[in-house]
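Novice: Structure provided below as structure tokens; questions to follow.
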Amino acid sequence: MAMLTFHGAAQEVTGSCHLLESPSVGRVLLDCGMHQGGDAVERIQDEEFPFDPAGIDAVILSHAHLDHSGLLPKLYHEGFRGALICTTATAELLDVMLHDSVGLYLRDLERTNTRNARRGRPLIEPVFDMDDVAGVLGLCQGHPYGEAIALEAGAVVCFRDAGHILGSSIVEVTLQEKGEEKTLVFSGDLGKRDSVLMNEPTVVHKADILLVESTYGDREHRGEEDSMSQLRDILRETWRRGGSVMIPAFAVGRTQDILFHLGCLHHQGELDNWEVFLDSPMAIAVTRVYDRWLDMLDGNEVRQLCQAHRESLETFLPTLNLAIETEESMAINRIKSGAIIIAGSGMCTGGRIRHHFKRRIWDDRNTIIFTGYQARGTLGRVIVDGAKNIKMFGDDYVVKAQVETLGGLSAHAGQSGLVDWITAFSPAPRTILVHGEARAQDGLADRLWKEHELKVEIPARGDSIVF
């Protein structure tokens, strides 16, 4: 008997974590992600595993985004010593992601403890540190797409290209249950079909159990070409006002898409005299990982890029300035207009983008461009939902900057993409929606039933199913 328990990304879009248990697989986690939103130190201190990390035999990681990987150091700190299995490109990205994430956490914790000491409050002990990052990375095993990977208990894992970010995978687990072969397919995060850098998600046809994301289950995206026209118009209007543009961007995936599109605008003579700043050490490091994998990426645009600018996405955009050191980031503040500032975090929960908001969000000449999903409880969601006032660094700020959303740059499939991918399975598997808020999941479930008479299940956190 196999059992699957949903410990995260159940009726929510962060904290992806599902526990698969069976005699032929052992106890295996699908992802080990952190939740996002709110104060980072408080959020991480509140994270708890409802299982014994020392009893986990393996973690199968769909991709490197922190909402899928961010609690791996905590898992190691609390006793996990099994195998961490992912694609080769994910292993490269994970090194960058975890070092940066834990470094930020420890710096935030140090500031929190300084305030606590001044106020006579007890100091907070870290829940993980850099030793845990080194430890969990030492367990990491990278594999190419399509390779059959045998687990110790006898099950077989295979990764397919999910088309979401570099190295992202659809996970297939084949196990033996009472003499029968059973296949579980976990979509991870599925990309959309017209992404300029990524391959289309691999179509899979066979599964007994399907776990599929539903982030945009209730809506469609604009096409990439429409989004580029929208970006061009936003830049022209902001330039006319004498303002600057702030783009909160995820370091992995979204930043590289933005750099590519801005490079295209530059080569079309559409970027005027904008100065572009990539203000994120992690995004810079990740972009250089992408450069090493450009040849595996698909699409006519990328093939043309590889011929003309084979060495780097950075050189494709000659007006790009890299801000690695804090002093270089602060120097951007001296530019009063004509700056395009790309900085993390993508949901504005931390990072350098908040410091640029502090300097510019109250000025109606400026524009904020959101390029990805904003989860509930994040500052990005608050701004997208139309807040006129926000709180940062203990102070209140009025929001006067123009707020725009480029839906076509999302790294997730829209509703039609999800429906097409799900309904390619034959016969239809037992289908379970994860990684989506309730409205998105209801919208996707409704369309799947009306058009295909496919019933789906929507588990809550802590629910289990047996198969």
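Read-outs: derived from the displayed coordinates by stated rules, not from any lab. The model shown is predicted, which means the values in this text are computed figures rather than measured ones. Neighbour counts run over all protein chains shown; Cβ positions are idealised from the backbone, glycine included.
Novice: Karplus couplings for the stretch 70-86 from phi (6.51 cos²θ - 1.76 cosθ + 1.60, θ = phi - 60°), rounded to Hz, Gly and Pro as x?
Specialist: Result, ordered by residue: x, 9, 4, x, 5, 4, 5, 4, 9, x, 5, 9, x, 7, 10, 10, 7 Hz.
Novice: Still on this structure: Over the stretch 224-409, what relative contact order in percent results from Cα pairs under 8 Å that are six or more residues apart?
Specialist: 32
Novice: Further, regarding this structure: Rounded to two decimals, what ratio of Rg to Rh does the stretch 350-467 give with C-alpha atoms and a Kirkwood Rh?
Specialist: Reported Rg/Rh, Kirkwood definition of Rh: 1.12.
Novice: Can I ask one more? Which of the chymotrypsin sites (Phe, Trp or Tyr not before Pro) across the stretch 330-405 are loop residues per DSSP, with 15 or fewer other Cβ within 10 Å?
Specialist: Trp362, Phe393
Novice: While we're looking at this one, here's another question. Taking every DSSP beta bridge with both residues inside the chain, roughly what % is antiparallel (nearest 5)?
Specialist: Of those bridges, close to 45 percent are antiparallel.
Novice: Could you tell me the relative contact order of the chain? Use alpha-carbon pairs under 8 Å, at least six residues apart, and round to a whole percent.
Specialist: Answer for the chain is 20 percent.
Novice: While we're here: Just to confirm the filter: which trypsin sites (Lys or Arg not before Pro) across the stretch 401-467 are DSSP coil and have at most 11 other Cβ within 10 angstrom of their Cβ?
Specialist: When the trypsin sites (Lys or Arg not before Pro) of the stretch 401-467 are filtered for loop state and at most 11 Cβ neighbours within 10 Å, Lys455 remain.
Novice: Can you give me the relative contact order of the stretch 312-437 as a percent, contacts being Cα pairs under 8 Å and 6 or more apart?
Specialist: 20
Novice: Just need the Rg to Rh number for the chain, please, alpha carbons only, Kirkwood Rh.
Specialist: 0.96
Novice: I want to check a number: in the chain, how many lysine pairs have alpha carbons closer than 15 Å, given a sequence separation of 8 or more or different chains?
Specialist: Here the count comes out as 7.
Novice: Using a ≥ b ≥ c from the Cα gyration tensor of the stretch 96-195 (square roots of the eigenvalues), is it rounded, prolate or oblate, where a/c under 1.5 gives rounded and otherwise the larger of a/b and b/c decides, a/b for prolate?
Specialist: prolate
Novice: In addition: Cα gyration tensor of the stretch 216-374, axes a ≥ b ≥ c as square roots of the eigenvalues: rounded (a/c below 1.5), prolate (a/b > b/c) or oblate?
Specialist: Here the stretch 216-374 falls in the rounded category.
Novice: Here is a further query. Let's test the formula: R0 of 41 Å, r as the Cβ-Cβ distance of Glu270 and Asp46. What FRET efficiency results, to the nearest 0.05?
Specialist: The computed FRET efficiency comes out at 0.35.
Novice: Give the residue from Ser280, Gly380, Pro318 lying farthest towards the positive end of the charge dipole for the stretch 224-409; charges sit on Cβ (+1 for Lys and Arg, -1 for Asp and Glu) and the dipole is referred to the Cα centre.
Specialist: Toward the positive end, the furthest listed residue is Gly380.
Novice: So what is the 222 nm mean residue ellipticity for the chain from helices alone, if each DSSP H run of at least 4 adds -39500 (n - 2.57) and you divide by all residues, rounding to the nearest 500 deg cm²/dmol?
Specialist: Per the formula, -10000 deg cm²/dmol.
Novice: For the stretch 287-293, just list the computed ³J(HN,Hα) in residue order, Karplus coefficients 6.51, -1.76 and 1.60, θ = phi - 60°, integers in Hz, with x standing in for Gly and Pro.
Specialist: Working through the residues one at a time gives 4, 6, 5, 4, 4, 6, 10 Hz.
Novice: Now for a different question. Given axes a ≥ b ≥ c from the Cα gyration tensor, I'd like to know whether the stretch 70-125 is rounded (a/c under 1.5), prolate (a/b larger than b/c) or oblate.
Specialist: Oblate shape, in that a/c is at least 1.5 and b/c is the bigger or equal ratio.
Novice: OK, next. Work out from phi, with θ = phi - 60° and the Karplus expression 6.51 cos²θ - 1.76 cosθ + 1.60, the ³J(HN,Hα) of each residue of the stretch 269-285, listed in order in whole Hz, and give x for Gly and Pro.
Specialist: x, 9, 9, 6, 10, 4, 9, 9, 10, 9, 9, 6, x, 5, 5, 5, 5
Novice: Rounding to the nearest 20 debye, state how big the charge dipole of the stretch 224-409 is about its Cα centre with +1 on each Lys and Arg Cβ and -1 on each Asp and Glu Cβ.
Specialist: That gives a dipole near 700 debye.
Novice: Could I ask something else about it? By how many degrees, 0 to 90 and rounded to 10, does the Cα axis of helix 88-118 deviate from the longest principal axis of the chain?
Specialist: Helix 88-118 sits at roughly 70 degrees to that axis.
Novice: Each label point is 7 Å from the Cα along the Cα-to-Cβ direction; what then is the distance between the points at Ile324 and Phe393, in nm?
Specialist: 2.5
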